[in-house]
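A quick write-up on the structure given underneath.
The values are calculated or read from the model by the stated rules, or taken from the named source; none is laboratory data. Just so you know, these numbers come straight off a predicted model, no measurement behind them. Cβ: placed from backbone, ideal geometry, glycine included. Neighbour counts: every protein chain shown.
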Amino acid sequence: MRYWWVNQNQTYRHEIQGGYLWSPKRNANGARNPFYESMREVAPGDLIFSFKDTKILALGIAQSYCWENPKPLEFGTAGQNWENIGWKVKVSFTELANTIRPKEHMTVLGPYLPEKYSPLQPNGNGLQSVYLAEVPTQFSEVLLGLIGREVAPLLLAAQSVKPVPADDLEYWERKLEKDIEIDPTVRETERQSIIRARVGQGLFKERVSKIETKCRVTGVENPVHLIASHCKPWRDSTNEERLNGENGLLLTPSIDHLFDRGFIGFENNGNLIISPVAHRPSLQRMGIEIMNGQNVGGFSEGQKTFLDFHRNAVFLQSSRK
């Protein structure tokens, strides 16, 4: 279990009632934000302190891993400068009867504040620039002790969380499909090819097959059992990129799932990389070499460009320094 602190001054009501956390991927100027990057490291069973108006008002238990998602419509005018595509995590929140104002307890909390990416100033005031930050175990244990007996059943519940899937990616991509179907700028001859590319078939698979001959991970060669998987996801790509063969790898369905959801990725030299939040026993049963590492061979320059996007915008590991 890891512990997280989320500042929800603008979005508390929506996120608590909706049962999720959502952040943009980057700042308004396009720069990386370590407090958005943290979303990529949350795992089911992690505990989240919800901070608003100087108090810890709720505790949350993460129910899912992070995934890409459009900004919630219910945010309305909140975060008008945020980009429209961000990170989402499902969370089960419990509002507290015994709310805590950390500023009043800095004598015991202060010594355990993180040196980097702290959600609080040494005087106990919150930092408006922080969305989600990891907090140390000792800091969290002191804070949980201050909250009191409400904590025990939540800690017990966190130990038995069964991860829930990202259930609205399909809905989002279906909506994008419908937009393509009515887009007058898309030629009719291309329309179906672009739509079929979403599920790794049709013209896109033909183009990928000119570069790739088998699943990079499992070695399966029979095309019947392979999907053309986008390195830069279909949902994030332009129509040209959706049909670009160098934006693809031939993968078995289980490996495609792991790659698309960011549980695995590839370095440019062919080394397979595994997300820190991935459930390793499951990956091993799905054909991933866990213990000794795996190199799947080199990539073209075009593939390297798309794989760079995957590592920086899909793979579930913070790229903060």
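Tabulated values for the structure
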read-out	value
Number of positions in the stretch 198-214 that are in a helix (DSSP H, G or I) and either closer than 19 Å to Ile288 by Cα or over 28 Å from the mean Cα position of the chain (by Cα) (or both)	4
When residues of the stretch 120-149 are limited to those that are of a type in the set (Gly, Ala, Ser) and under 15 Å from Tyr3 (Cα atoms), the one farthest from the chain's Cα centre (by Cα)	Gly145
Residue in the stretch 107-125 that is surrounded by 17 or more Cβ atoms within 10 Å (Cβ to Cβ), under 23 Å from Ser318 (Cβ atoms) and among the basic types (Lys, Arg) present	no
Residue list for the stretch 247-299, filter: out of contact with any strand residue (DSSP E or B) (no Cβ under 8 Å at 6 or more places or on another chain) and part of a loop (DSSP other than H, G, I, E, B)	Asn268, Pro276, Val277, His279, Met286, Gly287, Met291, Asn292, Gly297, Gly298
Test set (1) crowded, with 17+ Cβ neighbours inside 10 Å; (2) modelled with pLDDT of 95 or more - Ala166 fails condition number	(2)
Members of the stretch 78-97 that are in contact with a strand residue (DSSP E or B) (Cβ under 9 Å, 6 or more places away or on another chain) and not in a loop (DSSP other than H, G, I, E, B)	Ile85, Gly86, Trp87, Lys88, Val89, Lys90, Val91, Ser92, Phe93, Thr94, Glu95, Leu96
Any hit, the stretch 264-275, residues being touching a residue at least 60 places away in the same chain (Cβ under 8 Å) and not hydrophobic (A, V, I, L, M, F, W, C)	no
Which listed residue is at pLDDT 95 or above and under 28 Å from Arg235 (Cα atoms), from Ala58, Ala43, Ala78, Ala28	Ala43
Pairs, first under 12 Å from Ser140 (Cα atoms) and in the same structural domain as Phe139 (by TED's automatic domain parsing) in the stretch 104-120, second among the aromatic types (Phe, Trp, Tyr) and part of a helix (DSSP H, G or I), C-beta under 8 Å, six or more apart	Leu109/Phe139; Tyr112/Phe139; Leu113/Phe139; Pro114/Phe139
Criterion violated by Glu74 - all others in (1) among the acidic types (Asp, Glu); (2) surrounded by fewer than 20 Cβ atoms within 10 Å (Cβ to Cβ); (3) under 20 Å from Pro119 (Cβ atoms) satisfied	(3)
Every residue from the stretch 95-128 that is β-branched (Val, Ile, Thr) and in contact with a helix residue (DSSP H, G or I) (Cβ under 6 Å, 6 or more places away or on another chain)	Ile100, Val108
Top-ranked residue of the stretch 13-28 - restricted to ones that are touching a residue at least 12 places away in the same chain (Cβ under 8 Å) and surrounded by fewer than 19 Cβ atoms within 10 Å (Cβ to Cβ), ranked as nearest to Gln80 (Cα to Cα)	Ala28
Unmet criterion (only one of (1) touching a Pro at 6+ places or on another chain (Cβ under 9 Å); (2) surrounded by 14 or more Cβ atoms within 10 Å (Cβ to Cβ); (3) at pLDDT 95 or above) for Gln138	(2)
Residue match in the stretch 61-77 (condition: farther than 19 Å from Gly18 by Cβ and assigned to a loop (DSSP other than H, G, I, E, B))	no
Sole residue being surrounded by 20 or more Cβ atoms within 10 Å (Cβ to Cβ) and acidic (Asp, Glu), chosen from Glu267, Glu212	Glu212
Residue that is surrounded by the fewest Cβ atoms within 10 Å (Cβ to Cβ) [pool: residues in the stretch 29-58 that are in a loop (DSSP other than H, G, I, E, B) and more than 19 Å from the chain's Cα centre (by Cα)]	Asn29
Condition met for Val217 (within 30 Å of Ser38 (Cβ to Cβ), in the same structural domain as Glu240 (by TED's automatic domain parsing), more than 21 Å from the chain's Cα centre (by Cα) and not aromatic (Phe, Trp, Tyr))	yes
